[in-house]
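Here the structure is laid out as structure tokens; the discussion comes afterwards.
The values are calculated or read from the model by the stated rules, or taken from the named source; none is laboratory data. Since the model is a prediction, treat every value here as computed from it, not as a measurement. Cβ atoms come from the backbone with ideal geometry, glycine included; neighbour counts cover every protein chain shown.
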């Protein structure tokens, strides 16, 4: 089945630093999504990308849908302690499976105040 | 309700026992998903319900797993004869129709001892 490779697995940064994480796939996706999960909670949607090459921002977050439709990155600028959590990329396919999301394994972000 | 509600939030069960996990989706959301999140892993698709269509059960790991959705609303995931490898967080999500981006519940943490 489709698989997403998400990196890095974990990051330890100082408050105020910028962060970048990315996902790559061997398959094409029609939509890329980025979620954040806090401890004991379900993932919450941060950004959705619908077109190849699209660059979208949401506050301090910026994400891009790769031109090849096989990759995406998420940047967080000027990190703050509440950015701590697990970030997941997810891709939504086409055709008969276009209702399923395939998730990466997540990036655990720790921000030191 | 305002969000996706799952119960119980935590469940500890003995190996070999059956368990039922409940999901109450957002009112009006026709699509409902179950995912499983094991420690250090991404989210693994289990099953998908859309309206009155036949569910996509392709992600269920074994015939010990089953799910139903009554009246197009509440869903129950049943695991029979639980095994230790079933220990995970079981997440339910819903979305309206074909819209992108799910809304997740907080999950049920299942521990099989």
Completion exercise
Picked from the stretch A:25-55 (must be out of contact with any strand residue (DSSP E or B) (no Cβ under 7 Å at 6 or more places or on another chain) and within 10 Å of chain B (Cβ to nearest Cβ)), the residue surrounded by the fewest Cβ atoms within 10 Å (Cβ to Cβ) is A:40
Practice task
Go through (1) farther than 23 Å from residue B:35 by Cβ; (2) crowded, with 19+ Cβ neighbours inside 10 Å one by one and return the number of the condition residue A:107 breaks.
Solution key: (1)
Practice task
Report, by residue number, each residue of the stretch A:91-108 that is more than 8 Å from chain B (Cβ to nearest Cβ) and at pLDDT 85 or above.
Solution key: A:91, A:107, A:108
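Look at residue B:41 and say whether it is assigned to a loop (DSSP other than H, G, I, E, B), within 14 Å of chain A (Cβ to nearest Cβ) and closer than 27 Å to residue A:33 by Cα. Step through it out loud before you land on a result.
Values: assigned to a loop (DSSP other than H, G, I, E, B): yes; within 14 Å of chain A (Cβ to nearest Cβ): yes; closer than 27 Å to residue A:33 by Cα: yes.
So residue B:41 fits the description; yes.
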Completion exercise
residue B:3 vs (1) under 13 Å from the mean Cα position of the chain (by Cα); (2) assigned to a loop (DSSP other than H, G, I, E, B); (3) within 13 Å of chain A (Cβ to nearest Cβ): all pass except (1)
Exercise for the section: Go through (1) at pLDDT 90 or above; (2) surrounded by 15 or more Cβ atoms within 10 Å (Cβ to Cβ); (3) over 16 Å from residue B:108 (Cβ atoms) one by one and return the number of the condition residue B:14 breaks. Expected result: (2)
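Considering only the stretch A:1-52, state which residues are without any contact (Cβ under 8 Å) to a residue 24 or more places away in the chain and not in a strand (DSSP E or B). Give the steps one after another, and end with the answer.
The initial filter retains those residues of the stretch A:1-52 that are without any contact (Cβ under 8 Å) to a residue 24 or more places away in the chain, namely A:40-42, A:44-45, A:48-52.
Hits for the stretch A:1-52 are A:40, A:41, A:42, A:50, A:51, A:52.
Find the residue count for the stretch B:68-113, including only residues that are in a strand (DSSP E or B), away from chain A (no Cβ under 12 Å) and within 14 Å of the chain's Cα centre (by Cα). Outline the logic, then answer.
In the first step, residues of the stretch B:68-113 are kept if they are in a strand (DSSP E or B); the result is B:68-69, B:75-79, B:88-95, B:103-104, B:108-112.
Okay, now just the ones that are also away from chain A (no Cβ under 12 Å), so B:68-69, B:75-79, B:88, B:110-112.
Keeping just the survivors that are within 14 Å of the chain's Cα centre (by Cα) gives B:68-69, B:75-79, B:88, B:110.
Matching residues across the stretch B:68-113 total 9.
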Problem - Qualifying position, being surrounded by fewer than 18 Cβ atoms within 10 Å (Cβ to Cβ) and either closer than 29 Å to residue A:34 by Cα or at pLDDT below 95 (or both), among B:81, B:64, B:109 - result: B:109
Handout entry: residue B:54 vs. criteria more than 10 Å from chain A (Cβ to nearest Cβ), part of a strand (DSSP E or B) and more than 18 Å from residue A:42 (Cα to Cα)
Key = no
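Pick from B:27, B:53: which is at pLDDT below 95, farther than 29 Å from residue A:85 by Cβ and loosely packed, with under 13 Cβ neighbours inside 10 Å?
Values: B:27 fails: farther than 29 Å from residue A:85 by Cβ.
Criteria check complete, one pass: B:53.
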